[in-house]
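Please read the structure below before turning to the comments.
The values are calculated or read from the model by the stated rules, or taken from the named source; none is laboratory data. Everything numeric in this text was worked out from a predicted model, so none of it was measured. So basically every Cβ, Gly included, is an ideal-geometry build from the backbone, and we count neighbours across all protein chains shown. For the accessible areas, the whole protein counts, side chains as well, though only heavy atoms, and no ligand, DNA or RNA atoms are used. Shrake-Rupley method; radii C 1.70, N 1.55, O 1.52, S 1.80 Å.
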Amino acid sequence: MPKCMYCGTEIDADASFCEACGKSTSKTKECVRCLEQIPVNAKFCKHCGFDQNKDPWDFTNS
């Protein structure tokens, strides 16, 4: 049985969220700028290179 990557609780294989901590079980997320799928823990997008911790609408320091 798979485990939640955040808290380690066993989860159903088809679960979308962990029943214990409520985190998503998805291993991917959308890039905040280009919306391509990237690993959930990525700091930068592998498609457009954008820093995932920055506001995609703030063009003052692009």
If you go through the stretch 40-62, how many residues are within 24 Å of LYS3 (Cβ to Cβ) and open to solvent by less than 60 Å² (accessible area, probe 1.4 Å)?
-> 2
Which one of these does ASP14 not meet: (1) in contact with an Asp or Glu (Cβ under 9 Å, 6 or more places away or on another chain); (2) among the acidic types (Asp, Glu); (3) open to solvent by 90 Å² or more (accessible area, probe 1.4 Å)?
-> (1)
With (1) modelled with pLDDT of 95 or more; (2) farther than 30 Å from MET1 by Cβ; (3) among the charged types (D, E, K, R) as the list, and GLU19 as the residue in question, which single condition is left unmet?
-> (2)
Hits in the stretch 24-62 (condition: among the aliphatic types (A, V, I, L, M) and either in a strand (DSSP E or B) or at pLDDT below 90 (or both)) = ILE38
